[in-house]
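The values are calculated or read from the model by the stated rules, or taken from the named source; none is laboratory data. Remember, it's a predicted structure, so these values are computed and weren't measured experimentally. Every residue, glycine among them, receives a Cβ derived from its backbone with ideal geometry; neighbour counts consider all protein chains shown.
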Amino acid sequence: MGQVEGKVAIVTGGASGIGAACATTLAREGAKVVITDIDDAGAQTVVGKIVAAGGEAICLHQDVSIEEHWPGVIEATERRLRAYWDRMPFVLTVILRRHHPTQPSPIQGEGFS
Ligand SMILES: NC(=O)c1ccc[n+]([C@@H]2O[C@H](COP(=O)([O-])OP(=O)(O)OC[C@H]3O[C@@H](n4cnc5c(N)ncnc54)[C@H](O)[C@@H]3O)[C@@H](O)[C@H]2O)c1
């Protein structure tokens, strides 16, 4: 049994890099993974790799810097993974400050820096 068997994991920025690696690892460890990103094609490619390896994943379009996108992601996750929703989902956000530390984080608001 995987370390996160049956849990729901939302991975933002999951279409490439660290996010894609996290999404793939979580799926391998048994999580139902929701990949969100502004790169829809990249997200779909990661979903395809996870499903081909026997895992379960879906992708949703989300720009994490737009606060209004968040409720839709949670609602779509609940709707599409309802069978697992009773288990507390967790959100892994790997988009932080971009490569220039002087630029503001794309995620604004309380609790983010
Ligand atoms: N502190 C460190 O040592 C360290 C090391 C490596 C990376 N990082 C940081 O970690 C983060 C991820 O790095 P990476 O190499 O995986 O980057 P990456 O560019 O490969 O992946 C980032 C993903 O986020 C997506 N994305 C960008 N803006 C978005 C937005 N507004 N909404 C939704 N998705 C968005 C991109 O489409 C991409 O798929 C970056 O912010 C990077 O600066 C920090």
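Can you tell me how many residues in the stretch 24-37 are in a helix (DSSP H, G or I) and either farther than 15 Å from C59 by Cβ or touching a residue at least 60 places away in the same chain (Cβ under 8 Å) (or both)? Total satisfying the criteria: 3. Only one of the numbered conditions (1) near the ligand (Cβ under 10 Å from one of its atoms); (2) over 10 Å from the mean Cα position of the chain (by Cα) is violated by G13, and that is (2). When the stretch 51-60 is filtered for residues that are surrounded by 19 or more Cβ atoms within 10 Å (Cβ to Cβ) and within 13 Å of the chain's Cα centre (by Cα), the ones remaining, listed by number, are A57, C59, L60. Name every residue in the stretch 16-29 that is within 14 Å of the ligand (Cβ to nearest atom), touching a helix residue (DSSP H, G or I) at 6+ places or on another chain (Cβ under 8 Å) and closer than 21 Å to Y84 by Cα, in order of residue number. A23, T24 - these are the residues of the stretch 16-29 that are within 14 Å of the ligand (Cβ to nearest atom), touching a helix residue (DSSP H, G or I) at 6+ places or on another chain (Cβ under 8 Å) and closer than 21 Å to Y84 by Cα.
When the criteria are applied in full, G72 fails the requirement of being more than 12 Å from the ligand (Cβ to nearest atom) and farther than 18 Å from V91 by Cβ.
Conditions tested, residue by residue: (1) modelled with pLDDT of 90 or more; (2) within 14 Å of the ligand (Cβ to nearest atom).
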site: A31; (1), (2): yes, no
site: V34; (1), (2): yes, yes
site: Q44; (1), (2): yes, yes
site: G55; (1), (2): yes, no
site: H61; (1), (2): yes, yes
site: I66; (1), (2): yes, yes
site: R82; (1), (2): no, no
